[in-house]
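First comes the structure, then the notes that go with it.
The values are calculated or read from the model by the stated rules, or taken from the named source; none is laboratory data. Predicted, not measured: the structure shown is a model, and the values here were computed from it. Virtual Cβ from ideal backbone geometry, glycine too; neighbours counted across all protein chains shown. For the accessible areas, the whole protein counts, side chains as well, though only heavy atoms, and no ligand, DNA or RNA atoms are used. Shrake-Rupley method; radii C 1.70, N 1.55, O 1.52, S 1.80 Å.
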Amino acid sequence: MTNQDINANEEIWKFFKKYSLPETNATSQQQKNTGVYPNPASDFINLTYNNISQLKIFNTFGQVVFENPKIITDQSIDIRTFQSGLYFVKFLAEGKPLINTFIKL
């Protein structure tokens with residue numbers, strides 16, 4: 001048998017299919033309850049979340065470009081002044097950070 005007889009990609013997936021990781025912490029459930037859309041976006045993004053105590057948006061340099069200490073259940077944010085690129089939306093839920101991303105066109 002040679003390495004050409006084995007499809008490594010297939011063998012790796014066979015191995016990983018045997019195992020699953022359970023969602024056992026609050027962050028996993030909270031992550032399901034958060035969202036940023038549309039993605040990518042050019043004018044506005046909509047944020048959906050539950051039980052969030054803080055919201056910050058960072059650029060790829062780690063600079064805070066938006067911050068809102070007053071949390072509203074669902075929120076729309078004007079991103080027209082943001083430079084094109086990747087952004088990180090950091091939520092704080094029950095003291096644990098949740099991070100989503102979006103692309104500004």
Count - residues of segment 75-105 that are of a type outside the set (Lys, Arg) and farther than 20 Å from Ser42 by Cβ = 8
Out of the residues in segment 31-53 that are in a loop (DSSP other than H, G, I, E, B), open to solvent by less than 70 Å² (accessible area, probe 1.4 Å) and at pLDDT 90 or above, which is farthest from Gly95 (Cα to Cα)?
-> Ser42
